[in-house]
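Only one structure is covered here, and it is reproduced in the block below.
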Amino acid sequence: MTIAARHFETSSSATSPIRVQPTPPRPKYWTKEEYNALVDQGVFAGQHFYLFRGGLIEMAPMGNPHAVCVMKSTSILFKLFPTENYFLRVQLPFDAPGDSVPEPDFAICTNDQAFVKPHPKAAALIIEVSDSSIEHDREKALEYAAAGVEEYWIVDLADRCVEIYRNAVSDRSAVLGFRYPPPTVAKDTESVSPLALGGASVQVADLLP
C-alpha cells in the first residue's frame, strides 16, 4: 500500500460518523411529584386522569348504575361512620405508595388523616365501585395493601356482590411488597360489616342500584 493510500484510509476512518443505536419510543413515566405539580398548574383542567404506577389513567364517564351506587353508598356511609371520628372522602385522591394517586369512590379516613397534604396516605376503609373496571380495581388492591389500608371493598355491579379484602400481609413478589389474602365475597342477599366499626353491618343490596 502506498503512503497516499494509507493516508486516505486513515483520514476516512477518522471522519466516519459514529453510529448510535436510536432509542425506541416508550411511554413517559410520571413520578408522583411531577404529576402533583401538573395538577397544581391546572394542566388537566377539564380532563379526568389519575396516576397509577407512573402512567396516566383516563377515567371513563360515569354511567347511571355507577352513579346510583355512589349516591346510595354515600348516604349509608355518612350515617354509618360517626363524624366525630371519621371523614368520608368521595372520589378524591389518595396518596398510595409508589407513583400512584388513585381516586377511589370512597375513602373513610380518621380525622387526623382526612386533611393531610397533598392527600391522605391512610384510610380505615377504601371502596371502589366497579362496572367495567373490575380487573383494574383488583390491581389497586396491591397499592392499598402497601398503604396499610385495613380493609378494601370492591362493589361489583355486574355480579351484584362485594369483594372484601382484609389484613394485608408481606409478599416480596408483590409490586410493592404487600398483598391481601384472597377476598371473601358477600352476595346481594348478605350483609358486610366494616372492621373499623366492630359490629355495624350494611346490606349489600342497599349499596347496589
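The values are calculated or read from the model by the stated rules, or taken from the named source; none is laboratory data. Here the structure is a predicted model, which is why all the values come from computation and not from measurement. Positions of Cβ are generated from backbone atoms using ideal geometry, with glycine treated the same way; all protein chains shown enter the neighbour counts. Note: areas computed on protein heavy atoms with side chains; ligands, DNA, RNA excluded. Shrake-Rupley method; radii C 1.70, N 1.55, O 1.52, S 1.80 Å.
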Open item on the list: Being buried (at least 18 other Cβ atoms within 10 Å of the Cβ), over 20 Å from residue 54 (Cβ atoms), among the aliphatic types (A, V, I, L, M) and in contact with a helix residue (DSSP H, G or I) (Cβ under 9 Å, 6 or more places away or on another chain): is that true of residue 108 here?
Closed with: yes
TODO: Check residue 75 against each of (1) open to solvent by 10 Å² or more (accessible area, probe 1.4 Å); (2) among the hydroxyl-bearing types (Ser, Thr, Tyr); (3) touching a residue at least 24 places away in the same chain (Cβ under 8 Å) and name the one condition it does not meet.
DONE: (3)
TODO: Tell me which residues, restricted to the range 190-209, are of a type in the set (Ser, Thr, Tyr) and touching a helix residue (DSSP H, G or I) at 6+ places or on another chain (Cβ under 7 Å).
DONE: 191
Task: Number of the exception - residue 128 against (1) within 18 Å of residue 161 (Cα to Cα); (2) of a type outside the set (Phe, Trp, Tyr); (3) out of contact with any strand residue (DSSP E or B) (no Cβ under 6 Å at 6 or more places or on another chain); (4) modelled with pLDDT of 95 or more - done: (3)
Open item on the list: Just to confirm my filter: which strands (runs of 3 or more DSSP E) fall fully inside the range 133-209 and include at least 2 residues that are within 14 Å of the chain's Cα centre (by Cα)?
Closed with: 151-156
- [ ] Hey, can you tell me all the residues within the range 157-208 that are of a type in the set (Ser, Thr, Tyr), touching a strand residue (DSSP E or B) at 6+ places or on another chain (Cβ under 7 Å) and either touching a residue at least 12 places away in the same chain (Cβ under 8 Å) or surrounded by 14 or more Cβ atoms within 10 Å (Cβ to Cβ) (or both)?
- [x] 165, 180, 184, 191
Task: Per-region count, the range 25-45, residues open to solvent by 90 Å² or more (accessible area, probe 1.4 Å) and free of Cβ contacts under 8 Å to residues at least 24 places away in the same chain - done: 6
Open item on the list: Being touching a strand residue (DSSP E or B) at 6+ places or on another chain (Cβ under 6 Å), within 26 Å of residue 68 (Cα to Cα) and at pLDDT 95 or above: is that true of residue 135 here?
Closed with: no
TODO: Read through the list (1) within 23 Å of residue 58 (Cα to Cα); (2) open to solvent by less than 50 Å² (accessible area, probe 1.4 Å); (3) assigned to a loop (DSSP other than H, G, I, E, B); (4) not aromatic (Phe, Trp, Tyr), then give the number of the only condition that residue 129 fails.
DONE: (3)
Task: Top-ranked residue of the range 85-120 - restricted to ones that are more than 11 Å from the chain's Cα centre (by Cα) and β-branched (Val, Ile, Thr), ranked as farthest from residue 57 (Cα to Cα) - done: 110
TODO: Quickly run through the range 132-142 and pick out the residues that are buried (at least 17 other Cβ atoms within 10 Å of the Cβ) and small (Gly, Ala, Ser).
DONE: 133, 141
Open item on the list: Can you name every one of the helices (runs of 4 or more DSSP H) wholly within the range 1-98 that holds 2 or more residues which are modelled with pLDDT of 95 or more and aliphatic (A, V, I, L, M)?
Closed with: 64-80
